[in-house]
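A short write-up of the structure that comes next.
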Amino acid sequence: MNASDMLDVLHYFFEDDLNFSTAEQAEARESTRLSIYRELYNKEYKYASPKVKTPKEFDPEDYDIPEAEKIRPFDPKNSTGQVKPYVPPTRLDVNAAKPFGSALDAPFQ
């Protein structure tokens, strides 16, 4: 690629960097770059604006989540022992007006 074409590419990238609808969108873009540089390159992103904070890792302890809403992994040793009953598959009749019987409505015509 010659120099004038490369200049066009750089111009496009600079112009695209300045296109955003809201301040939040601009901050999100810079926050993403900060994360990418930190996690993938192990370097600091030097060109972020000063008001963008360095994103931190998600820590569920930072949020007040009620005990009932916390996710608990399945533990077969402490399960209730209830097993769902077998549900046979719905029979299909391709020539009928309602191919799945009463399980579904007829298809649109």
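The values are calculated or read from the model by the stated rules, or taken from the named source; none is laboratory data. These numbers were taken from a predicted model, which means no experiment stands behind them. All Cβ positions, glycine included, derive from the backbone under ideal geometry; neighbour counts span all protein chains shown.
Please tell me if residue 89 is surrounded by 10 or more Cβ atoms within 10 Å (Cβ to Cβ) and either modelled with pLDDT of 75 or more or outside any loop (DSSP other than H, G, I, E, B) (or both).
no
Among the residues of region 32-54, is there at least one that is assigned to a helix (DSSP H, G or I), at pLDDT 80 or above and over 21 Å from the mean Cα position of the chain (by Cα)?
Pass one, region 32-54, residues assigned to a helix (DSSP H, G or I): 32-41.
Filter once more, keeping what is at pLDDT 80 or above: 32-41.
Next, only the ones that are over 21 Å from the mean Cα position of the chain (by Cα) stay: 41.
Yes, region 32-54 contains at least one residue that is assigned to a helix (DSSP H, G or I), at pLDDT 80 or above and over 21 Å from the mean Cα position of the chain (by Cα).
Give the residue that is farthest from residue 17 (Cα to Cα), with candidates limited to residues of region 32-49 that are touching an Asp or Glu at 6+ places or on another chain (Cβ under 9 Å) and surrounded by 14 or more Cβ atoms within 10 Å (Cβ to Cβ).
38
Looking at region 11-33, I want the residues that are without any contact (Cβ under 8 Å) to a residue 60 or more places away in the chain and have a partner that is in a helix (DSSP H, G or I) and surrounded by 14 or more Cβ atoms within 10 Å (Cβ to Cβ) with Cβ atoms under 6 Å, at least 6 apart or on another chain. Which pairs are those?
Final answer for the pair search is 20/26.
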